[in-house]
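Visitor: Below is a structure I'd like to ask you about.
Quick note: the coordinates plus some simple rules give every number you see, no bench work behind them. Keep in mind it's a predicted model, so treat the numbers as computed, not measured. Don't worry about glycine lacking a Cβ; one is built from the backbone with ideal geometry, like all the others, and counts go over all protein chains shown.
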Amino acid sequence: MSKYVIFLMSDPKGGDEATGRLFNGLALAADAKAAGDEVELVFAAAGTRWPAELEKVGHPAGELYQSLREHVAGASCGCAEVFGASQEVESCGLPLLADQTLAGTSGLAGIRRHAEAGSRVFIF
């Protein structure tokens, strides 16, 4: 069994390319989940705007997202602040992650620690 940590960083304001990245990240998570692997999803950078979009009725990736909701670790705190998504992230019931200290921020969702722990890290 492997552990997959998938960072979703594309900006929902980025059009088809960004939506494609989101779908591919969620598809990888669904595939790993089906194979019995451990899966963790993290929203970071402009991707912190995705949770609010995915909660909207009728979003094309909404059903897939909901099927993986239990695997969402949260959203990067500092990123959500920079991209104006903190309130939306919290209203979606997701925690703001700040396990990496970075001067000038309230902390970020760290990537390196996952790689150091032997997880397979993917960024979409």
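Visitor: List the residues whose amide H sits under 5 Å from the amide H of VAL121, counting only those 5 or more places along or on another chain, with H placed 1.01 Å from N in the peptide plane.
Guide: Amide H neighbours of VAL121: VAL5.
Visitor: Can you give me the C-alpha center-to-center distance between segment 82-117 and segment 8-49, rounded to a whole angstrom?
Guide: Taking the Cα centre of segment 8-49 as reference, the centre of segment 82-117 is 16 Å away.
Visitor: DSSP beta bridges in the chain, what fraction antiparallel, as a percent rounded to 5?
Guide: Restricted to the chain, the bridges split so that about 5 percent are antiparallel.
Visitor: Cut-off is 10 Å between beta-carbons; in what order do SER67, SER106 appear when sorted fewest neighbours first?
Guide: Fewest-to-most Cβ neighbours within 10 Å comes out as SER67, SER106.
Visitor: Pick from THR101, THR48, THR19: which residue has the top mean-square fluctuation in a GNM of the chain where Cα pairs under 10 Å get a spring?
Guide: THR101
Visitor: Let me ask something else about it. Could you work out the Kirkwood radius for the chain, taking every pair of different alpha carbons, averaging 1/r and inverting it, reported in Å?
Guide: Evaluated over the chain, this radius sits at 14.3 Å.
Visitor: Based on Cβ point charges of +1 for Lys and Arg and -1 for Asp and Glu, what charge dipole magnitude is obtained for segment 3-123 about its Cα centre, in debye rounded to the nearest 20?
Guide: 180 debye
Visitor: How large is ³J(HN,Hα), in whole Hz, for each residue of segment 79-90 in order, when computed from phi with the Karplus curve 6.51 cos²θ - 1.76 cosθ + 1.60 and θ = phi - 60°, using x for Gly and Pro?
Guide: Running phi through 6.51 cos²θ - 1.76 cosθ + 1.60 with θ = phi - 60° gives 5, 4, 5, 4, 9, x, 10, 4, 4, 5, 4, 5 Hz.
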